[in-house]
Structures are given as structure tokens and as C-alpha cells.
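Asker: Have a look at this one.
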2 protein chains.
Amino acid sequence: MSDLNFKINRNRFLTALQNNARAISANSPIPALCGILIEAGDDGLTLISSDADLYIRTVLSNTDDENLGLSILDTGSIVIDARYLLEIVKKIDSEDISVEVIDGTLTRFTGGKAEFKINGYRASDYPQTDASEPENSFQLAYKDLSDLINETVFAASTKETRQVLTGVNFKSDGTQIICTSTDSYRLARKILTVSAPEFNVTVPARSLNEVKGAFAGCTDIHVAVSDRKIQFQADGIMLQSRLLEGAYPETERLIPKEFSCELVINREALIRAIERSSFIKSDNIFVIRMQMNSAQDISISSKSQEIGESHEDLTAESYTGLPLDISFSGSYVAEAARTLSSENIHISFTGEMKPFVLTNEGEDQSLLQLVLPVRTYN
Amino acid sequence: MSDLNFKINRNRFLTALQNNARAISANSPIPALCGILIEAGDDGLTLISSDADLYIRTVLSNTDDENLGLSILDTGSIVIDARYLLEIVKKIDSEDISVEVIDGTLTRFTGGKAEFKINGYRASDYPQTDASEPENSFQLAYKDLSDLINETVFAASTKETRQVLTGVNFKSDGTQIICTSTDSYRLARKILTVSAPEFNVTVPARSLNEVKGAFAGCTDIHVAVSDRKIQFQADGIMLQSRLLEGAYPETERLIPKEFSCELVINREALIRAIERSSFIKSDNIFVIRMQMNSAQDISISSKSQEIGESHEDLTAESYTGLPLDISFSGSYVAEAARTLSSENIHISFTGEMKPFVLTNEGEDQSLLQLVLPVRTYN
């Protein structure tokens, strides 16, 4: 194996390394996994990073990026601790950086008058990952993907007791993908109308957050799915995530189809009123009580034995149905309302202890947020 | 005692409360100390907060601030937990806020359509502090005070083993005040030419940081000192700090007066070169080795068994004296250089294991930074 030796534009290298660093866990028990695997080949430079959840591969080549300034003097590969690699490339203030393996795993970085010699790891010590592309694939606009992530990930469970709930479930029937997340107290569901193969997989919430960051700036994302992994690809970047094991609960039957009361209210005004009371917590839970009599007679209040209470009157756009007195987690409703986008939103109820549903006003009903009430304190 | 009842401009009230919150420790064993004491008197509103180190008193009156919009309907006093108080005043989005004690310690806050009723503490439960003004006083421009704080506080010790070193010593001989801080490995000294009574006091570093924030925007600060406390006053705000007990070490004799080598070097270039290597640490200490032969032959390097090494050549403005090979904490020298202000700075040495001194170029020699070398690793 020859020694690695290349020169590259510092800014482009830094951007790629920062993206790859998403798949580094700082304290991996396998030292090489704290590093980024750098492979200089005849076609370009490949950066690989991975942890228990994620695998990211970035291919940099002059054909794809005319400002890359990549010249490979010697092919080869090395693993460098991501912390040191980022420190060096961040702080070197020259236009280009040269990287050369000079002795075994000792790697020299030069830029301007500064020179660093860093101890690396052998590429052969870097764990192998199956990075082959699964057969089932489809295209998704980045905008749709990142919206979907914003609209669902927050509702996934953060408790490890039921692993499968810590992800977002993607269920495709060929014509649409139903994306669902739930922590058992609330549920987010987004329906994407997209032609894709049939599948039913659950992707860790953390992976989706990294997908959102890794592909920011891209237009179209190529997605490929198997029953073991999901791959996202665009602009030379490939991100692969493991899937969560276990059957995702059937949630469709939990979503009420008929409602007895419906509130149409300004989204911002509702969020602000809820957030104003957010510090009034009992046992660290922030409960809002909402009393609805008519569009002109809506009140929200909160109460805590220790701190005190709040009260605020709101005017709704409309209210239909019998008066309703319902209590819920203020944070859950505020978070759900924040994912909606219309000026006024619909909140549909079926009773004071039944789940209620928040949706946008208008034709686009692809997003639904469901929240379970809590027992009133009085 | 009547019940407190007043109305005030929300923004002005918020600014004053945020300033007072500097003297709140979140988990005081005395519950009332988690709160801000609000006193509505005939002359205006007084806000008081305090902890083990600090006492802040803010007086708000319409005569001092024509936009205060203060109207006192009933005099009285109450203590409200600072967290809740700030939450409420931050989130109420009306122009004015009304505050009224309605039942014992239950206090109502109203603004716009929002209403909060918060459980407070009796003013009589708020610990008394002697807030009388010490006799020895002088004037200081805020700019001089904040510069001085920036230039010295960072060098104070953070270890509680020798309490007196966790502050900045102020020693006045009537015509000048010598301000010194040291953690035994480095020392900062700033001389203020100001006519003041004689005193020798040590102020906790944390108090000085709060002084810098509390009086930002003020022009002249009235300072009063006794052997037990120091007071700062301006624009209706009074901040009082305890002093650190114990004799401050005599440090003047530690500062070398004669030097064998002198380096004049661009301040920014030196700081950047040092910071580039800052990740190369041995036993978590970041040691820079500086080898000086001539103005054209200056190098800085760092080395760690585990990580690797760095090397960078620098060109100085001038270098006089025999060649010198010296090692020091990179962080200490970078921090010291950052407090200096001239484009080029002087670093004066007396030997490889003797303290060296960093000063500005030019006539103003009021600021001096001293750093102790460390043993070289080779």
C-alpha cells in the first residue's frame, strides 16, 4: 500500500469533515471509530465515519466541485481522530491544506507556516460496514424530507424502555408513505404522497435529525430501504442508518374519525398564551386547563399548589359543539401547534378524556397531531 | 402595613429585574433569597436581591426615567421568586404590567389578557443587610472599571484552597490604585491613576464580573470602600460586595525589573499561532515551547506523546538578547496577550525558568501580565 498524500481546498475539506463528524460518538470503545477514515483514490477523496447508528460516506472529486482543488499525489488511507482533524482544519488559515502519511500512521498536515504531525490509526483497524445500496428506492425532495422530520421527530419517545418508539415509522403502500411517531401520550402523523416500493421500517429519531443536517442545501434525496437499513444519498454524500427492531404499533385505530367539538383558533395566539404559563408546573408537569363555551368565551388556565396560578381569556375564530372543559400537557400542545403552518388551526375533540387532534386549516390535511388529555386537577 | 399595588412599563421593569437577578443564587437555603424584594414607596419602587457575596438595590422613579410609567396605587412590599417573576414579566406582551398583593402574600400580575397569581414571601422574612455607604469613596469611569475587570479577573485563582487569591486585590496609596490578581502561576497587574482614599481590599472575581454587567451603559461609577465591603453606585443601581478575608500576598517583588531578552511581536499572529496548537495537550495541560534566535528565527511548537506535535515559524518585529528556549502554558500566554491592546506587544524574559512579562508597546504601561514558564518536556 502506498502512502497517502494529497492537497485540498481548506474550506471544502472543513465542510465535508464537519458533515462526516455527525456519525462520530466522542467516546467509542473502538478507538478508530473516534476517527474519520480518509481514503485517497484515483477518482477522489472518500471520507468515512460511523457509529452504532449511522454510517456516513462522502466522496469529494474535482469533477463534482470545481473549487475543490484536490490533487492526489499518492493514494492510500489513514484514520485520524475527528477532534484533532477538525481542530487542525478549522484553525489552519491558508487556502489549501496538504495531508501526507509520513511514517506508519504519523500524518503531517501543513497549511501556511503551520505544520502538525498527528498519530493516526491504520485503515485496516477501521471496522467494515456493509454500505451496499438496498434495492427498494425512491426519490424525495429535501424540503419534504426536512419538513417531515421537523413535524414528527419531536413526538418520538426519548425513553429506551420501548426502543421502537424512539424512532419514526415509515409505512409505504406504494402510493403514499405514512410517517408516524408517538411516545404513547401524543402522536404525529404525516402522509407523503410519493410513489415508492412497499415497506414498513422505523428509523431512529437521532438518525433523522442528522439526515436533516447532512443534506441541508441539497435538492433531491435518493432514499433506499431494506429491512435492515435505510440509505440517503445526494451530492456525493451517503448516510446510512440502522433501523429499530420490533413491530411498530398499529396507530391508525387510535386516531378518532368523528368529533363532537371543534375549535378554530389563531395558532400564534394559542402558542403564546400556553407558553406564558409554562413555568407553572406541578410535579414538573405543565398542565393547561382549557374551558370552551363559545368562540368568545375560551379560557386557558394553569395552577400549582406551590407556585400559584395563571388565567387568560382567548377569542377563537369559531367553536362548535357543547361546552368542554379539558386539561392537557401545555408543552405537548404547543409543540404540536408549532409544527402546523396555517394562521388558524383546527382542534377537534371527542370528549374531555379522549385524544384530540390538531390540523392545519385548508385543503392540505397531510399532517395530523394528536394529544391525549390528562385528568383535571380539580 | 398597606398592600402593595403598582403599575409600571413592562420593558423597564424587565431590565431592572434582570439586573437584580445577578445577585440570586438559584438554590439558596433561605427561600426568600431566591426572590426579589419589591418595595413600593412614596418615592418610587425599590428592588432588592442578595446572596452570600452580593447585594443589589435598584431604585426606579419617574423623576429619573420619564418612560418608567410608574404609578403607585398602594405602598407595601413583597418578595417574589426571581424565576417566576422574570418568566412572567418576560412573557407578558403588554406595554404595562400591574402588580398587586391581593391576599397575604398572594400577588397578582396582570398585563393584556393574561393574569397570574403567585405565592410570594413576606418582606419581613427577607434577611436584613447593612447597605449603608462606607466613608471612603471615589469616582471611576465605567470604561476604566470594565477594562480593569477584563484585564485582571481571568488571572484570579478558581481554586478555593486559598480564598484570597480568588479575587482581585485593590491597593490604593492615595494617588493610584494597584489592581492585582494571581493564581500563583500567572499574575495580572493594572495601575489606575486616580485620586482615592488609602485602602487595601480584595474583591471576589465573581462580584467584579457582575459589576461589569450591572453597570453596562453607565458613565461614572461612585465607589465606596470599607474594610468589610465595597459598594458601586450609578443610575439608581447600588451593588455591594463582600470582601475576601486574609492578607493578599506582596506580589511587587515577584515582578522582574530587569530583563535579558526582549521580543516584540504582532499580538494577533502570536495568539493565532498558539491557539492553532491548543488541542495538543499532555495530561490535559497545553504547553507551548518557544525557541527564539533572532527576529527572523522564532518558532513555536507543542508536543504530546498521545496526539502528536505541531510546529510553526513566526517572524518578530525585533528580538534582542541571547537565544532563548522557553516553555509555557499556551492558554496563559494567549489569555494574557488578549488583554493587551497594541498591535505589537513586548515580551520580556530573564531566563528559561524565570517569570516573563507581557506589556503593550508604547507609553501606556499601566497594564502588565506575568507568566511563569514550565519545565520543558525534552
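Asker: If you take the alpha carbon radius of gyration of the protein assembly as shown and divide it by 2.2 N^0.38 Å, what ratio comes out, to two decimals?
Answerer: Values: Rg = 32.3 Å, N = 756, 2.2 N^0.38 = 27.3 Å.
That ratio works out to 1.18.
Asker: Provide the three semi-axes, in whole Å and in decreasing order, of the ellipsoid equivalent to segment B:5-125 as defined by the square roots of 5 times the Cα gyration tensor eigenvalues. Mind dumping the intermediate values first?
Answerer: On the way: eigenvalues 83, 51, 39 Å².
Values for segment B:5-125, descending: 20, 16, 14 Å.
Asker: Between the helical axis of B:82-91 and the dominant principal axis of chain B, each derived from Cα atoms, what acute angle in degrees is found, rounded to the nearest 10?
Answerer: 80 degrees
Asker: Something else: Where does helix A:205-214 land angle-wise versus the long Cα axis of chain A, in degrees 0 to 90, nearest 10?
Answerer: Relative to chain A, helix A:205-214 is tipped by roughly 60 degrees.
Asker: Also, quick follow-up: Using a 10 Å cut-off on Cβ to Cβ distances, tally the other chain neighbours for every residue of A:273-283 and report the average as a whole number.
Answerer: Working: counts 4, 0, 2, 11, 5, 2, 10, 6, 0, 0, 0.
Mean shielding by partner chains, rounded to a whole number: 4.
Asker: Based on alpha-carbon positions alone, could you give the equivalent ellipsoid semi-axes of segment A:316-378 from the gyration tensor, as √(5λ), descending, whole Å? Mind showing how you got there, number by number?
Answerer: Values: eigenvalues 84, 40, 20 Å².
Over the Cα atoms of segment A:316-378, the semi-axes work out to 20, 14, 10 Å.
Asker: Further question on the same structure: Counting other Cβ atoms within 10 Å of each Cβ, which GluC sites (Glu not before Pro) in segment B:217-321 have at most 10 and sit in a DSSP loop?
Answerer: Details: sites: B:245, B:250, B:252, B:258, B:262, B:268, B:275, B:306, B:309, B:312, B:317; in loops: B:245, B:250, B:258, B:306, B:317.
Taking segment B:217-321 and a limit of 10 other Cβ atoms within 10 Å, the loop GluC sites (Glu not before Pro) found are B:245, B:250, B:258, B:306.
Asker: Right, next: Could you give me the radius of gyration and the Dmax of chain B, taking only the C-alpha atoms into account and expressing both in angstrom?
Answerer: When restricted to the Cα atoms of chain B, Rg and Dmax are 25.5, 80 Å.
Asker: Okay, next question. From other protein chains only, count the Cβ atoms within 10 Å of every residue's Cβ in B:82-88, then give the mean.
Answerer: Details: counts 0, 2, 4, 0, 1, 7, 6.
Counting Cβ atoms of other protein chains within 10 Å of each residue's Cβ and averaging gives 3.
Asker: Right, here's the next one. Only loop residues by DSSP count here, and only those with at most 12 other Cβ atoms within 10 Å; note down the GluC sites (Glu not before Pro) in segment A:65-148 that meet that. Don't jump to the answer; show the numbers that get you there.
Answerer: On the way: sites: A:66, A:87, A:95, A:100, A:115, A:135; in loops: A:66, A:95, A:135.
Those that pass, being in a loop and sparsely packed, are A:66, A:95, A:135.
Asker: Let me ask something else. State the residue of chain A whose Cβ is nearest the axis carrying A onto B, and the distance in whole angstrom.
Answerer: Closest Cβ to the A-to-B rotation axis, residue and whole-Å distance: A:26, 14.
Asker: In whole angstrom, and with the biggest value first, how far do the Cα coordinates of segment B:255-371 range along each principal axis?
Answerer: Result, largest extent first: 44, 27, 24 Å.
Asker: Next question, about the same structure. Return the long-range amide H neighbours of residue B:374 (sequence gap of 5 or more, or a different chain), with a cut-off of under 5 Å between placed amide H atoms.
Answerer: The answer is B:327, B:328, B:329.
Asker: Under a Cβ-only charge scheme (Lys and Arg +1, Asp and Glu -1), can you give me the dipole magnitude of the protein assembly as shown about the Cα centre, in debye to the nearest 20? Walk me through the numbers on the way to the answer.
Answerer: Details: 70 positive and 108 negative charges, 289 e Å.
Dipole magnitude for the protein assembly as shown comes out near 1380 debye.
Asker: Placing the label point 7 Å from Cα along the Cα-to-Cβ direction, what are the distances from residue A:209 to the equivalent spots in the other copies, shortest first, in nm to one decimal?
Answerer: Nearest first, the other copies' label points are 2.7 nm away.
Asker: How many times 2.2 N^0.38 Å is the alpha carbon radius of gyration of segment B:136-250? Walk me through the intermediate numbers first.
Answerer: Values: Rg = 13.0 Å, N = 115, 2.2 N^0.38 = 13.4 Å.
Compared with the compact-globule rule of thumb, segment B:136-250 sits at 0.97.
Asker: Other chains near A:73-80: what is the mean number of their Cβ atoms within 10 Å of each residue's Cβ? All intermediate terms of the calculation are to be shown ahead of the outcome.
Answerer: Numbers: counts 0, 0, 0, 0, 0, 0, 0, 1.
Mean inter-chain Cβ contacts per residue within 10 Å come to 0.
Asker: Tell me the chymotrypsin sites (Phe, Trp or Tyr not before Pro) within segment A:148-229 that lie in a loop according to DSSP and have at most 11 other beta-carbon atoms within 10 Å. Before the final figure, lay out each step's value.
Answerer: Working: sites: A:154, A:170, A:185, A:199, A:215; in loops: A:185, A:215.
Hits after loop and neighbour filter: nothing returned.
Asker: Report, to the nearest 10°, how far helix B:142-152 tilts away from the longest principal axis of the Cα atoms in chain B, using its own Cα long axis and a range of 0 to 90°.
Answerer: So the inclination is approximately 50 degrees.
Asker: In addition: Just tell me which aspartates and glutamates come within less than 15 Å, Cα to Cα, of residue A:90; anything on the same chain fewer than 8 places away is out.
Answerer: Of all the aspartates and glutamates, those that pass the test against residue A:90 - Cα under 15 Å, at least 8 places apart if same chain - are A:81, A:115, B:275.
Asker: I would also like to ask the following. Cross-link partners among aspartates and glutamates for residue B:212, C-alpha distance below 16 Å, same-chain residues fewer than 8 apart left out?
Answerer: Filter leaves B:53, B:144, B:147, B:151, B:220, B:235.
Asker: Assume the label is 7 Å from Cα along Cα to beta carbon: what separations in nm does residue B:139 have to the matching positions in the other copies?
Answerer: 7.4
Asker: If you line up the Cα atoms of segment B:69-205 on their principal axes, what length do they span on each, largest first, in Å?
Answerer: The Cα atoms of segment B:69-205 stretch 56, 32, 30 Å along the principal axes, largest first.
Asker: Now for a different question. If you count, for each residue, the other Cβ atoms within 10 Å and average over each peptide, how do A:156-162, B:119-125 line up from highest to lowest?
Answerer: On the way: A:156-162: 12.7, B:119-125: 17.1.
Ranking, from highest mean packing down: B:119-125, A:156-162.
Asker: Right, next: Could you give, in nm with one decimal, how far residue B:194 is from each other copy of that position, shortest first, with labels 7 Å out from Cα toward Cβ?
Answerer: Computed spacing set for this position: 6.4 nm.
Asker: Check cross-link reach from residue B:171 to the lysines: straight Cα distance under 19 Å, and skip same-chain residues fewer than eight apart.
Answerer: The reachable lysines, counting only those whose Cα sits under 19 Å from residue B:171, are B:190, B:229.
Asker: Work out the charge dipole of the protein assembly as shown with +1 on the Cβ of Lys and Arg and -1 on the Cβ of Asp and Glu about the Cα centre, then indicate which of B:373, A:14, A:191 is farthest towards its positive end.
Answerer: Final value for the positive-end residue is B:373.
Asker: If you average 1/r across every pair of different Cα atoms in segment B:135-183 and take the reciprocal, what Kirkwood value do you get, in Å?
Answerer: Working: mean 1/r = 0.0839 Å⁻¹.
About 11.9 Å for segment B:135-183.
Asker: Where the only charges are on Cβ atoms (+1 Lys, Arg; -1 Asp, Glu), what is the dipole of chain A about its Cα centre, to the nearest 20 debye?
Answerer: Details: 35 positive and 54 negative charges, 194 e Å.
My answer is approximately 920 debye.
Asker: Follow-up question, since we're still on this one. Looking at the calculated P(r) for segment B:1-47, what percent of the C-alpha pair distances fall above 17 Å? Intermediate values should be presented prior to the final figure.
Answerer: Values: 460 of 1081 pairs.
Counting every Cα pair in segment B:1-47, those more than 17 Å apart make up 43 percent.
Values quoted throughout were computed directly from the atomic coordinates according to the rules given, and no laboratory measurement underlies them. Model, not experiment: these values are computed from the prediction. Using ideal geometry, Cβ is built from the backbone for each residue, glycine included, and neighbour counts are taken over all protein chains shown.
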